[in-house]
Amino acid sequence: HHLEGRPSHGHLLQRDRLVTCHDITLYLIKSFVILGSLLHSAVTDIVKCVLAIEEFSVEDCESLQEVLSIIVESAVDLFHLSDGGKTNPEVIIHEYVPCWMRFKELGRLLGYSLQEVSDRWADGKGPLAVHFTGQEVAQLVVAIFENTSKRDILLTQLRSRPSIHVPS
């Protein structure tokens, strides 16, 4: 019996699917906002702590690089959608964690040679300059590399040219 004025069973199922889809989407967005906020706080603190270190050994750099890469991999897993690979988790992380690229660049910087640091600084216009100030990169260069004339030249460049860094 179909009662007049009442939705059919098929209409109710369709409406329930829409509500469920909407609920799942809201749940995901709320989850990403919360996870993003927590990850942003953690990553910001990690970057701040790494920048405060005055001297790194090669082993320190390698170990720290490994830890940072584990954090990156874990974050990608946290922000992974089960949509058959249509959505890149890195895009989602970048949207909800403003300092994400800064964090990733720091992880890479720990493995760079002095020349690679210079290349990625690119006179204050490269990827390093987007995510760090010249002073911050100079601090890391002093902490990581031995005192040489090449290091001194790079430090002069870092300290004399403004970066395009925008704080996140």
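What follows is calculated from the coordinates using simple rules that are stated; it is not laboratory data. None of these values were measured; they are calculated from a predicted model.
Computed quantities for the displayed model
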{"quantity": "Alpha-carbon Rg with Dmax, taken over segment 29-120, Å", "calculated": "14.5, 45"}
{"quantity": "Computed over the chain, Cα set: Rg, Dmax in Å", "calculated": "23.2, 90"}
{"quantity": "Kirkwood-Stokes translational diffusion coefficient of segment 33-74, alpha-carbon pairs, 20 °C, 1.002 mPa s, µm²/s", "calculated": "189"}
{"quantity": "Sequence-separation-based contact order of the chain, relative, with Cα cut under 8 Å and 6+ spacing, percent", "calculated": "23"}
{"quantity": "Contour minus Cα-Cα distance for residue 153 and residue 78 (0.36 nm per residue)", "calculated": "22.8 nm"}
{"quantity": "Cα-based reach from residue 86 at 30 Å (exclusive), listing lysines while leaving out same-chain residues under 8 positions away", "calculated": "30, 104"}
{"quantity": "Folded to 0 to 90 degrees: helix 58-78 orientation relative to the chain principal axis, Cα", "calculated": "10"}
